[in-house]
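Encoded as structure tokens, the structure appears first; notes follow it.
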Amino acid sequence: MSEKELIFIALFSVALLVVLSLIFLFMTFNNRKNKLIQEQLETKLNNQKRQHELELNALRAQMNPHFVHNSLNAIQYYIQLNQVEKSEDYLSKFSKLMRQFFEYSRKERISVEHEISLLKNYLEIEKLRFEDDLDFQLNIDKALDTQDLFLPPMILQPIVENAINHGIFHKKGKGEVSIDFVSINDFSFKVEITDDGIGINKSKLMNAKKKQTHTEHSSFVLEERLTLLRDSKHWDVAFTIQDLADTSNKTGTKVTLIFKEGLNEDDYDH
Amino acid sequence: MLSQDIILRLLMWLPQIAAFVFAIVMWPKYKNTTQRNFIYFLGFVLVIECFGYLLPILYGVKRAYVYNTYTIISGLFLLIWFKSILQTKRLVIVFISVFIVSISYCLFFQEFGVLWKIPLVVLAIAILICSTVFFSDLLTKNEVVNFKTDQKFWIVTGCLVFYIGYLPLVLLQKYFGLSGIYYRIPITINISLMFGFIIKSFLCLKKN
């Protein structure tokens, strides 16, 4: 081989080496990038799917057949007693509540004002069933902007339902549920749901004896929903549950939720 | 021959000047990163190119003096930079030590007026290994999704491209009889490519 041919081979090999290493480098990085993006999308999709499943479960929990049956029975009772005005009033409350359940379950967030209205309706219908055995209080902090502060739907009502069905229901005599909305700052607020029922520890024991898993299941659904909401970065909801007997001589359960909104309003418009 | 020489010098200098200009313009965007010293390095490269061109003409100083100084300073700079960006610091410390040993060897056993090849080969191998480690590290991180806007990625790619082409040229230079224009053309293209990637590393900061 002549010297020029050797030089040509050498330079060609060097050029080829550089080009091939560049192609290899970019192909490897692009493939890895695409794989990672695909994995992230799949995770996001799975989370969304799970979120929807949980929302559906929450809606099912709200629309639970026992509650519908008991409410309609109570209304029927007033009709039988010929208390037409009272039965009409409760029927309208019940239909409004059903409408709210469906309407709010489709939304990503609802205002505190709407949530309070739903809870009030719900508690009034429950009071119809329990009559004098149930009292409720809704305390709203004056500093709380109920129209401009939001929370995810179907979070508070299942907790209130648990307080009534698993706390107060098993208590002898009158029971009370108190819901306090407390402002923390412009972007966060606290909700405390307190009942003077038998307490979560006793309720869990009773359910274990009856092999009833509804309470555990609903609180699991709630906790998983809160985790997914946190993962979505839209919400930061701190959730604590406490048996009052653990810290005082009272009985009952106190659930505290602290809502911190992680997303501004514009992000919800799309 | 003079026009060829000018073309080759322009091909080499223009990307170097452009890289320094971009380093100045984009300074606020990377002044708090591990790449902040590149502005001084690129300025140093221009000074060395000026000295390498002017000193032999004006004072008859051997070019190898200038380029050996460049090898020592640029080699140490790049290795120290790799130490700051790689997780496996020990490996880079070993390379820095071997590089210093190779420089010491040349200082004692070779003339300063001849271009030192041992430190160059050591540096090329060290940078190729460091680049590979950097890329394999990056591939395991989530940041790989945004690799095109990662300044470090483009600088390392520039180093890799330069040294992957430079190493066989230096090692096989004698065997293939590469000298004069046949040696300068691939080296110039390699340098232009490397500084092209360094320019890209500053341009990608805009997208960030």
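Numerical summary
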{"quantity": "Modelled FRET efficiency - R0 22 Å, residue B:91 with residue B:118, Cβ distances, 0.05 increments", "calculated": "0.65"}
{"quantity": "Violating pairs (Cα-Cα greater than 20 angstrom) within the set A:172/A:202; A:96/A:171; A:202/A:250; A:49/A:96", "calculated": "A:96/A:171; A:49/A:96"}
{"quantity": "Value of [θ]222 nm, deg cm²/dmol, for chain A, DSSP H segments ≥ 4, -39500 (n - 2.57) each, nearest 500", "calculated": "-20000 deg cm²/dmol"}
{"quantity": "Apportionment of accessible area to carbon and sulfur, the range B:2-207, percent (1.4 Å)", "calculated": "71"}
{"quantity": "Per-residue average of Cβ from other chains inside 10 Å of B:166-175", "calculated": "2"}
{"quantity": "Inter-probe distance in nm under a simple model that places probes 7 Å from Cα toward Cβ, at residue A:13 and residue B:59", "calculated": "4.1"}
{"quantity": "Whole-angstrom Cα spans of chain A along principal axes, big to small", "calculated": "116, 39, 38"}
{"quantity": "Per-residue average of Cβ from other chains inside 10 Å of A:16-26", "calculated": "4"}
{"quantity": "Dipole magnitude of chain A about its Cα centre (Cβ charges: Lys, Arg +1; Asp, Glu -1), debye to nearest 20", "calculated": "1040"}
{"quantity": "Mean ellipticity per residue at 222 nm, deg cm²/dmol - from DSSP H runs of n ≥ 4 across chain B, formula -39500 (n - 2.57)", "calculated": "-27500 deg cm²/dmol"}
{"quantity": "Residues residue A:135 and residue A:66, FRET efficiency given R0 of 25 Å [Cβ-Cβ distance, rounded to 0.05]", "calculated": "0.70"}
{"quantity": "Most positive-pole-ward Cα, B:106, B:147, B:92, against dipole of chain B from beta carbon charges", "calculated": "B:147"}
{"quantity": "Shielding by partners, peptide B:5-15 (average Cβ within 10 angstrom, other chains)", "calculated": "0"}
{"quantity": "Solvent-free Debye scattering, log10 I(q)/I(0), computed from the Cα coordinates of the protein assembly as shown at q = 0.06, 0.07, 0.09, 0.12 Å⁻¹", "calculated": "-0.53, -0.61, -0.73, -1.01"}
{"quantity": "Assigned charges on the beta-carbon of Lys, Arg, Asp, Glu; chain B dipole about Cα centre (debye)", "calculated": "400"}
{"quantity": "Label-to-label distance, nm, for residues given as residue A:247 and residue B:146 (7 Å Cα→Cβ offset)", "calculated": "4.1"}
{"quantity": "Whole-number accessible area per residue in Å² for chain B, which is evaluated in the context of all protein chains at 1.4 Å", "calculated": "50"}
{"quantity": "Interface area, B with A, accessible, probe 1.4 Å, both sides summed, Å² nearest 100", "calculated": "2100"}
{"quantity": "Sulfur and carbon atoms: percent of accessible area, the range A:33-268 [1.4 Å]", "calculated": "51"}
{"quantity": "Chain B: C-alpha pair distances exceeding 20 Å, %", "calculated": "60"}
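The values are calculated or read from the model by the stated rules, or taken from the named source; none is laboratory data. Note that the structure is a prediction, hence the values are computed from the model and not measured. Because the Cβ atoms are built from the backbone with ideal geometry, glycine has one as well, and the counts that use them run over all protein chains shown. Protein only, heavy atoms only, side chains kept; ligands, DNA and RNA dropped before computing areas. Shrake-Rupley method; radii C 1.70, N 1.55, O 1.52, S 1.80 Å.
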